[in-house]
Amino acid sequence: MKTKVLMVCLGNICRSPLAEGVLKSKVDSNTVLVDSSGTAGYHVGNPPDKRSVAVAKKHGIDISTQKCRQFSKNDFEKFDLIYAMDESNFINILSLANTKKDEKKVRLLLDELDLGFNEVPDPYYGGVDGFEEVYQMINSACEAIVKKLN
């Protein structure tokens, strides 16, 4: 049986598509399914931000074919692990949970690391450097997730 992992940020155009691509690049697709979504519906159907696509490509990962979608209550049934990029999205996801079982699936991505902070900053309004910084955080967290999954 596949382990199903969902990465969630606000708009599903910067952080979570990057996290989806990074984790997918590190796992066996026969045993782990990875997807992403956003808590807000601003960009549904759109591809990820060009800067996320570029930073992923720089690291040998293609996320250009992903399409943004909004997180829904049904995701609790579909996924085993739901990783939020920050506290705000974590709270938004939990507000949709119906059961304790649902709540236990939700985690902050950077809680997989011991950094002293647990939020992946939203690089949307910043420059390209912010996207590289976010990639590095996500990459480290995904390495930790892979170790747990194996």
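Read through the list (1) open to solvent by 10 Å² or more (accessible area, probe 1.4 Å); (2) of a type in the set (A, V, I, L, M, F, W, C); (3) out of contact with any Cys (no Cβ under 7 Å at 6 or more places or on another chain), then give the number of the only condition that Ile13 fails.
(3)
Answer yes or no as to whether Asp111 is out of contact with any strand residue (DSSP E or B) (no Cβ under 8 Å at 6 or more places or on another chain), farther than 18 Å from His43 by Cβ and either open to solvent by 30 Å² or more (accessible area, probe 1.4 Å) or not in a helix (DSSP H, G or I) (or both).
Taking the combined requirement at face value, the residue satisfies it.
Looking at the stretch 74-96, which of the residues that are touching a residue at least 24 places away in the same chain (Cβ under 8 Å) and over 22 Å from Val146 (Cα atoms) is surrounded by the fewest Cβ atoms within 10 Å (Cβ to Cβ)?
Glu87
Residues that are of a type in the set (Val, Ile, Thr) and within 13 Å of the chain's Cα centre (by Cα): does the stretch 80-87 have at least one?
Yes, the conditions are met somewhere in the stretch 80-87.
Please indicate, with yes or no, whether at least one residue in the stretch 117-128 is assigned to a helix (DSSP H, G or I) and either out of contact with any Asp or Glu (no Cβ under 7 Å at 6 or more places or on another chain) or of a type in the set (A, V, I, L, M) (or both).
yes
Can you work out which of the residues in the stretch 23-39 that are among the hydrophobic types (A, V, I, L, M, F, W, C), surrounded by fewer than 24 Cβ atoms within 10 Å (Cβ to Cβ) and touching a residue at least 40 places away in the same chain (Cβ under 8 Å) is farthest from Glu143 (Cα to Cα)?
Selected residue: Val32.
When you check Glu103 against the structure, is it over 14 Å from Gly38 (Cα atoms), assigned to a helix (DSSP H, G or I) and not hydrophobic (A, V, I, L, M, F, W, C), yes or no?
yes
So, in the stretch 108-143, exactly how many residues are of a type in the set (Gly, Ala, Ser) and over 14 Å from the mean Cα position of the chain (by Cα)?
So the answer is 4.
The values are calculated or read from the model by the stated rules, or taken from the named source; none is laboratory data. In this text the structure is predicted, and so the values were computed from the model without any measurement. Using ideal geometry, Cβ is built from the backbone for each residue, glycine included, and neighbour counts are taken over all protein chains shown. Calculation scope for accessible area: heavy atoms of the full protein, side chains included, ligands and nucleic acids excluded. Shrake-Rupley method; radii C 1.70, N 1.55, O 1.52, S 1.80 Å.
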